[in-house]
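*Asks:* There's a structure below that I have some questions on.
Here, each number is a calculation from the coordinates, and none is a lab measurement. This structure is a prediction, so every number in the text was calculated from the model and none was measured. No Cβ is skipped: glycine too gets one built from the backbone with ideal geometry, and neighbour counts run over all protein chains shown.
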Protein chains: 4
Amino acid sequence: MTIRALVWNENVHETTQPAIREIYPDGIHGAIAQGLGELLGDEVSVRTATLADPEHGLAEEALAATDVLLWWGHVAHEDVSDEAVARVQRHVLGGMGLIVLHSGHFAKVFTRLLGATCSLAWRNDGERELVWTTAPGHPIAEGVEHPIVIDRQEMYGEHFDIPNPDDQVFISSFEGGEVFRSGVTFTRGRGRIFYFSPGDQEYPVYFHPQVRRVLANAVRWAAPVSAERRAPEVSNPARREWV
Amino acid sequence: MTIRALVWNENVHETTQPAIREIYPDGIHGAIAQGLGELLGDEVSVRTATLADPEHGLAEEALAATDVLLWWGHVAHEDVSDEAVARVQRHVLGGMGLIVLHSGHFAKVFTRLLGATCSLAWRNDGERELVWTTAPGHPIAEGVEHPIVIDRQEMYGEHFDIPNPDDQVFISSFEGGEVFRSGVTFTRGRGRIFYFSPGDQEYPVYFHPQVRRVLANAVRWAAPVSAERRAPEVSNPARREWV
Amino acid sequence: MTIRALVWNENVHETTQPAIREIYPDGIHGAIAQGLGELLGDEVSVRTATLADPEHGLAEEALAATDVLLWWGHVAHEDVSDEAVARVQRHVLGGMGLIVLHSGHFAKVFTRLLGATCSLAWRNDGERELVWTTAPGHPIAEGVEHPIVIDRQEMYGEHFDIPNPDDQVFISSFEGGEVFRSGVTFTRGRGRIFYFSPGDQEYPVYFHPQVRRVLANAVRWAAPVSAERRAPEVSNPARREWV
Amino acid sequence: MTIRALVWNENVHETTQPAIREIYPDGIHGAIAQGLGELLGDEVSVRTATLADPEHGLAEEALAATDVLLWWGHVAHEDVSDEAVARVQRHVLGGMGLIVLHSGHFAKVFTRLLGATCSLAWRNDGERELVWTTAPGHPIAEGVEHPIVIDRQEMYGEHFDIPNPDDQVFISSFEGGEVFRSGVTFTRGRGRIFYFSPGDQEYPVYFHPQVRRVLANAVRWAAPVSAERRAPEVSNPARREWV
């Protein structure tokens with residue numbers, strides 16, 4: 001069955017800064033969508049949506065037609081309406097997969113699902129990032145080089161304030177010596193969540209073949225098991241005779 | 001060092017329903033506070049606060065003077081102000097321990113820290129609850145009978161929609177056959193969280209010696225390691241020479 | 001790609017006790033194999049092996065040709081040779097899935113991979129078991145009734161001495177009031193492990209459609225991601241220039 | 001109550017290589033014991049034992065009188081008798097704390113308790129190690145600098161083949177770019193286990209004030225909750241009337 005992926009991007013840097021537009025002429029969402037199509041082919045159908053779209057492209061029907069949502073945001077987290085955030089959270093709890101990227105650690109959809117500050121250390125100095133696999137049997141790490149070498153990147157460092165993840169898949173180091181839990185998974189309700197930190201607007205990270213491999217693997221992994229979209233809810237069952 | 005515990009209770013049933021007042025003449029908060037004092041003596045100083053207090057008794061200074069906050073609520077979750085909830089969340093992230101009791105699974109302070117629905121199955125039919133220890137080496141289970149037998153209780157059953165807990169300490173069964181993860185721990189920021197489901201306004205559960213033992217153990221366990229109260233925050237360190 | 005499942009059974013009760021043979025005329029392995037074939041069809045190729053086979057049917061080539069090994073044992077754990085156990089452990093670390101059933105909690109392959117006693121409480125009194133799903137979004141719980149009702153079963157109860165599992169999928173209750181973490185997952189090396197407690201030689205549990213559904217789901221879930229079978233090993237890399 | 005710590009060291013490098021003896025004139029065990037005494041004072045009573053002692057200093061009575069065992073080994077893992085290893089494992093399952101250091105990742109006591117290969121990447125090139133805290137509210141991280149800077153060290157790198165830890169406390173980076181989960185906790189039976197990788201015979205790591213702080217914190221954390229030493233065991237309870 002085809003996985004329906006929706007790549008969401010605030011798309012602000014690309015439309016306001018020519019230097020960024022040069023790196024991502026089709027937007028970060030365009031680059032990510034292209035990578036998914038390239039690696040997953042018929043396995044996936046990819047749509048994109050941005051902040052400027054009506055209801056940010058996150059209307060009820062759009063989410064109902066999405067198996068896995070990828071999220072990139074940075075400067076406009078606060079411009080995402082609380083209604084859209086609540087819808088996304090409800091769909092994740094009901095089974096939609098969510099892949100949060102890079103500066104999306106501060107996106108409302110992420111901090112509300114995790115309940116922590118999701119704060120971290122950062123420094124934009126074009127440092128080399130090495131992404132090491134800590135779970136070689138994990139589906140998201142399948143076929144991924146150890147380490148992934150990213151020539152120039154923004155540094156994200158510990159302490160990364162997240163709850164204990166379900167699976168610890170990747171840990172990065174940076175030229176300046178910092179480390180970061182760069183690939184971690186969570187479960188909320190029936191939904192699977194993957195956070196992956198490599199990726200920044202100033203570096204062409206989403207064209208990196210290994211980063212694309214990780215995202216393609218993650219889309220497969222986060223796809224819901226069941227076709228039904230239903231968040232857990234309260235029930236008040238009568239007492240039963242079991243036999 | 002004395003652990004400063006604050007027992008918070010919405011205190012609505014007790015003040016509006018004589019039958020409940022009879023079970024808990026000093027309020028649920030009073031019964032819990034009494035149990036902590038009895039078991040922990042000088043180790044703890046216990047205060048109480050209720051919804052009706054100014055700022056619900058959860059003003060900045062009150063929280064700053066609290067090492068472990070115990071929370072009981074049921075019918076008035078929505079009456080707790082968002083400001084108070086935000087303060088509690090910030091203090092937990094900064095290191096304050098939090099013990100959430102019974103119907104507090106739907107308290108805003110809990111669902112916001114966990115990011116899930118925290119929904120469950122329930123039935124109020126005065127059933128026998130057995131609380132089994134699944135982590136006998138855990139500090140919260142120290143000296144606790146296996147199982148705790150509670151003669152009459154409201155049933156709480158799976159599926160309990162919580163994130164994967166850090167530690168799975170107790171699992172309950174009920175006369176009707178349901179099971180429930182009745183004692184689980186979480187970490188958020190620097191703070192430790194324990195959820196414990198036994199306890200209801202209609203049954204004198206907070207007078208049960210074994211339940212009191214669990215709560216006393218939990219207060220010790222949730223007390224912050226450090227005297228400093230500071231939630232994790234973003235930093236932007238310069239690159240350093242390390243040697 | 002077809003999943004190659006191998007159902008291993010000590011096959012002692014069935015060959016020495018006519019009453020058990022009546023319940024499982026083709027052996028417990030036969031009943032399980034039949035269920036997998038029925039539910040997974042072409043997705044799976046199923047073989048069986050027993051203690052009495054040369055090298056217990058667990059020779060190097062047999063394991064190399066196995067994606068997921070299912071294990072049932074009870075009275076003959078000590079008769080499994082240490083060489084066979086070491087081979088199984090190595091294959092699991094290298095990526096082979098392992099599903100351990102019921103009294104297999106004391107199998108050498110399980111206790112060595114877990115490092116704990118794997119002890120529990122038990123009572124054979126033909127009690128009703130209810131198997132409740134605690135992770136409704138988990139692939140192993142897909143399409144499974146909540147709860148599974150098993151009319152008569154041996155009781156397995158807490159404390160079950162296992163390490164903290166990766167995923168907590170099912171919890172059972174028994175007529176006598178006991179509870180048990182009846183479905184739990186672990187990772188060792190590149191291999192995925194699922195323990196599932198329902199199933200006993202004296203009750204026809206492996207003919208139960210819901211138990212069969214769980215086992216079929218688990219075979220899919222435990223199948224290795226990669227075709228390569230290689231346990232993690234020490235390396236001594238030279239220092240590299242990364243860019 | 002005084003915590004009874006036992007520092008175990010194979011003590012082979014120090015007695016056979018003068019250059020190592022110069023770094024650790026009282027042995028690695030002597031340096032560690034001195035650090036614990038310095039930081040914990042009356043809170044702890046520290047003994048030491050080595051491979052050459054009768055029964056390696058790990059006789060039944062020695063372990064029965066130990067709350068927390070610290071373990072350093074490297075070239076002589078195979079010389080530790082299986083009987084001693086079985087005793088240590090049994091005491092850990094019964095509640096004794098265990099702190100495994102550096103090359104102890106390949107000690108039989110560790111691999112048997114974890115069930116994995118515990119393999120890793122290594123390179124002895126005198127590289128700078130930075131030890132970053134990933135769990136700032138954890139008792140083992142209390143008062144520890146972020147990062148700990150160790151000027152020269154052997155590199156230990158991922159993939160470190162361990163089961164998913166309970167708590168992820170420290171992650172290290174090395175000059176050559178590798179990362180390592182250098183501080184992780186596990187539970188087995190009633191016992192708490194902490195693995196901490198900094199520390200090597202060729203570098204004076206166990207004199208580093210921050211490393212000493214970590215070990216002192218870990219001794220406190222790993223001390224058993226209960227005075228009783230009893231591994232979990234099978235029980236066969238009769239059916240009870242609960243109320």
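*Asks:* Looking only at helices (runs of 4 or more DSSP H) that fall completely inside the range B:11-73, which ones have 1 or more residues that are out of contact with any strand residue (DSSP E or B) (no Cβ under 8 Å at 6 or more places or on another chain), closer than 20 Å to B:VAL211 by Cβ and β-branched (Val, Ile, Thr)?
*Replies:* B:18-23
*Asks:* Let me ask something else about it. Note down all Cβ pairs under 9 Å where the first residue falls in the range B:106-132 and is within 7 Å of another protein chain (Cβ to nearest Cβ) and assigned to a helix (DSSP H, G or I), the second is surrounded by fewer than 21 Cβ atoms within 10 Å (Cβ to Cβ) and of a type in the set (A, V, I, L, M), and they're at least six residues apart or on different chains.
*Replies:* Note: pairs meeting the criteria are B:ARG112/B:VAL85; B:ARG112/B:ALA86.
*Asks:* So, in the range A:81-96, exactly how many residues are without any contact (Cβ under 8 Å) to a residue 60 or more places away in the chain and hydrophobic (A, V, I, L, M, F, W, C)?
*Replies:* Adding up the residues that qualify gives 4.
*Asks:* For the range C:78-123, give me each residue that is within 29 Å of C:VAL234 (Cα to Cα) and among the hydroxyl-bearing types (Ser, Thr, Tyr).
*Replies:* Matches in the range C:78-123: C:SER81, C:THR111, C:THR117.
*Asks:* Here are some conditions: (1) more than 30 Å from D:PHE180 (Cα to Cα); (2) surrounded by 24 or more Cβ atoms within 10 Å (Cβ to Cβ); (3) polar (S, T, N, Q). A:SER81 meets all but one. Which one does it not meet?
*Replies:* (2)
*Asks:* Same structure, new question: Is at least one residue of the range B:25-33 without any contact (Cβ under 8 Å) to a residue 40 or more places away in the chain and of a type in the set (A, V, I, L, M)?
*Replies:* Here is the first cut: in the range B:25-33, the residues without any contact (Cβ under 8 Å) to a residue 40 or more places away in the chain are B:25-27, B:30, B:33.
Next cut, of a type in the set (A, V, I, L, M) only: B:33.
Checking the range B:25-33: at least one residue is without any contact (Cβ under 8 Å) to a residue 40 or more places away in the chain and of a type in the set (A, V, I, L, M).
*Asks:* Kindly indicate which of A:HIS91, A:HIS77 is in contact with a Phe, Trp or Tyr (Cβ under 7 Å, 6 or more places away or on another chain) and not aliphatic (A, V, I, L, M). Before the answer, list the steps.
*Replies:* Details: A:HIS91 fails: in contact with a Phe, Trp or Tyr (Cβ under 7 Å, 6 or more places away or on another chain).
So the residue among A:HIS91, A:HIS77 that is in contact with a Phe, Trp or Tyr (Cβ under 7 Å, 6 or more places away or on another chain) and not aliphatic (A, V, I, L, M) is A:HIS77.
*Asks:* Still on this structure, please answer the following. Quick check on D:ARG87: is it more than 30 Å from A:TYR156 (Cβ to Cβ) and touching an Asp or Glu at 6+ places or on another chain (Cβ under 7 Å)? Before the answer, list the steps.
*Replies:* On the way: more than 30 Å from A:TYR156 (Cβ to Cβ): yes; touching an Asp or Glu at 6+ places or on another chain (Cβ under 7 Å): yes.
Here the answer is yes, as D:ARG87 does meet what is asked.
*Asks:* Given the criteria of a type outside the set (Lys, Arg), buried (at least 24 other Cβ atoms within 10 Å of the Cβ) and assigned to a loop (DSSP other than H, G, I, E, B), does B:ILE99 qualify? Spell out how you get there, then give the answer.
*Replies:* On the way: of a type outside the set (Lys, Arg): yes; buried (at least 24 other Cβ atoms within 10 Å of the Cβ): yes; assigned to a loop (DSSP other than H, G, I, E, B): no.
Considered against the rule, which asks whether it is of a type outside the set (Lys, Arg), buried (at least 24 other Cβ atoms within 10 Å of the Cβ) and assigned to a loop (DSSP other than H, G, I, E, B), B:ILE99 comes out as no.
*Asks:* Keeping to the range D:56-85, report how many residues are more than 17 Å from D:THR187 (Cα to Cα) and either within 14 Å of chain C (Cβ to nearest Cβ) or among the hydrophobic types (A, V, I, L, M, F, W, C) (or both). Outline the logic, then answer.
*Replies:* Residues of the range D:56-85 more than 17 Å from D:THR187 (Cα to Cα): D:56-66, D:72-85.
So of that shortlist, the ones also either within 14 Å of chain C (Cβ to nearest Cβ) or among the hydrophobic types (A, V, I, L, M, F, W, C) (or both) come out as D:58-59, D:62-65, D:72, D:74-77, D:80, D:82, D:84-85.
Counting residues in the range D:56-85 that are more than 17 Å from D:THR187 (Cα to Cα) and either within 14 Å of chain C (Cβ to nearest Cβ) or among the hydrophobic types (A, V, I, L, M, F, W, C) (or both) gives 15.
*Asks:* Which ones in the range C:134-191 are among the charged types (D, E, K, R), facing another protein chain (nearest Cβ under 7 Å) and in contact (Cβ under 8 Å) with a residue 60 or more places away in the chain?
*Replies:* C:GLU142, C:ARG188, C:ARG190
*Asks:* Kindly evaluate D:GLY199 against the criterion of being more than 9 Å from chain B (Cβ to nearest Cβ) and without any contact (Cβ under 8 Å) to a residue 24 or more places away in the chain.
*Replies:* Details: more than 9 Å from chain B (Cβ to nearest Cβ): yes; without any contact (Cβ under 8 Å) to a residue 24 or more places away in the chain: no.
Answer is no for this residue.
*Asks:* Another one. Look at the range A:129-148 and say how many of its residues are over 19 Å from A:THR185 (Cα atoms) and out of contact with any strand residue (DSSP E or B) (no Cβ under 6 Å at 6 or more places or on another chain).
*Replies:* 1
*Asks:* Only one of C:GLU38, C:GLU61 is in contact with a helix residue (DSSP H, G or I) (Cβ under 8 Å, 6 or more places away or on another chain), surrounded by fewer than 21 Cβ atoms within 10 Å (Cβ to Cβ) and not aliphatic (A, V, I, L, M); which?
*Replies:* Working: C:GLU61 fails: in contact with a helix residue (DSSP H, G or I) (Cβ under 8 Å, 6 or more places away or on another chain).
Within the list C:GLU38, C:GLU61, the selection yields C:GLU38.
*Asks:* Same structure again: Please tell me if D:GLY126 is crowded, with 24+ Cβ neighbours inside 10 Å and more than 22 Å from A:ARG181 (Cβ to Cβ). Give the steps one after another, and end with the answer.
*Replies:* On the way: crowded, with 24+ Cβ neighbours inside 10 Å: no; more than 22 Å from A:ARG181 (Cβ to Cβ): yes.
Against the criterion (crowded, with 24+ Cβ neighbours inside 10 Å and more than 22 Å from A:ARG181 (Cβ to Cβ)), D:GLY126 does not qualify.
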